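Notes follow once the structure below has been shown.
Taken together, the values in this text are just the output of simple stated rules run on the coordinates, not laboratory data. Everything quoted here is computed from the prediction, not taken from an experiment. Because the Cβ atoms are built from the backbone with ideal geometry, glycine has one as well, and the counts that use them run over all protein chains shown.
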Amino acid sequence: MRVNGLAELGKLLKSAPATAAPQQRAAQSVKPEPTDAAGVIRLTREIRVECWRVIGQVAKAAKRNELLPVLLRARERGQTDAGDVAEHLLFEHNSRRVIAQRLLQIGQQYGLLEQVDRQYRLTESGSTALDTKQIYIPEQGTWTVWASKDPLLGATILRVEPWRESSAYDEVWGEERDKAPKRRFEKLPRWVRDAVGVITTPLVGGAPLRIEQLEAEGEVAEAETTLRATWDVTDARLRIGGSLGGTPVNAAVDAPEMAADAVWMQLMQVEGLWPRWDDSVAALRIGFDETIADERESLVRGVSFKRPDIESLGIFDATTVEGIALRARSAQDATRWADWRLRERVRDYATTEHFCTWAAEAVKPFAEFDPPTPTRQELAEAAWRDRTDRPTPGTWHLVAAEDWSL
């Protein structure tokens, strides 16, 4: 039996139990189902760090369980004193009054209590200590402070370590200290001073701390740092790796609160591709001539971004997002695309069943345009007409099936 035109092909397909005819789809307009979101978006860049040695007061979190009942008493009564603490917490009004007074003074020293007319009241820091069960113990000294103003990071302070000037200076330079480079002192930037009073968990050290006070000037120090941020936008994860002050870092921190689709839109806008992005099917609309063979078959491509620039977060390293879905830009592109896909599938004898399956596969991604496809007879005649001295296997697969009515 020879297949002559779309009508006969339709009749054949009706008799084929497991094959759907591409011509049958003309009865309704079908849009392609939306695909998953764009491929994994991963942005990276170097974290620039500045380092100072500065005099100040740093409070580190510690367990001081003996102070918590005192703070709780001050909260319950609004205020307390040594006699009240001795009687209700230490169960001896007179003999333990000295101990109670010492506990109150320590609470005041740590900024947890304030004294007003011989009475002690809970401060904001004391209330926080009760809620978190963490007491920050201040220590005065000279500190090496590593900090960054990278907007990716939720905290400015990355590491704080005590520094003993005399021993460190002699150890490094010893008898050669007269030849040492001139030490440079500068006013601390505003963004570093703004970190005073903020509780943060450093990348190195782990224990939460709070900088209570910093001198206005500090010595500029060598940061000895190679930090990189890897922001997995799709999964909302941010990891910082490298080294900080010579110490290895591999830390997971809070990712920016920005939805992946918002980041994707900005990436596409920077590359001028946003007008061609079809959000309803999560795919890039492109012309047939803009594709290569692998893309025509897989309908995906990797999209490169030379200079990703995300609002409020800055510029990242060049990156490529793989697995971006492709869709035809127009009906003409869909027709050419489907025709190409059908011809590429002729790698076996084009029996009626095989050919119908190939045709359905070829047009499936473009159902919204209802593209026509050539019949087996048309392809066979074109292949025979364009044959060379040595016809290709595809030519024989078409011509033989058509001639033998397979």
Normalised alpha carbon radius of gyration of the stretch 66-171 [divisor 2.2 N^0.38 Å]: 1.44
Additional length obtainable on full extension of the chain from Ala293 to Thr128, 0.36 nm per residue less Cα span: 53.1 nm
Full-extension gain in nm, Arg307 to Val198, via 0.36 nm per residue minus C-alpha separation: 35.9 nm
Computed label-point distance, nm, for sites Gln101 and Val220 using a 7 Å Cα→Cβ extension: 5.2 nm
Estimated inter-spin distance, Lys187 and Val253, nm [label 7 Å along Cα→Cβ]: 2.7 nm
Approximate spin-label separation Asp235-Arg276, in nm, with each point projected 7 Å along Cα-to-Cβ: 3.0 nm
For the stretch 176-295, convex hull of alpha carbons as volume per residue, Å³: 246 Å³
Binned Cα-Cα distances of the stretch 278-330, short to long, each 5 Å bin given as a whole percent: 5, 18, 22, 20, 16, 11, 6, 1
20 Å reach of a label modelled at Arg48, 7 Å along Cα-to-Cβ, counting backbone N of the stretch 210-232: 218-231
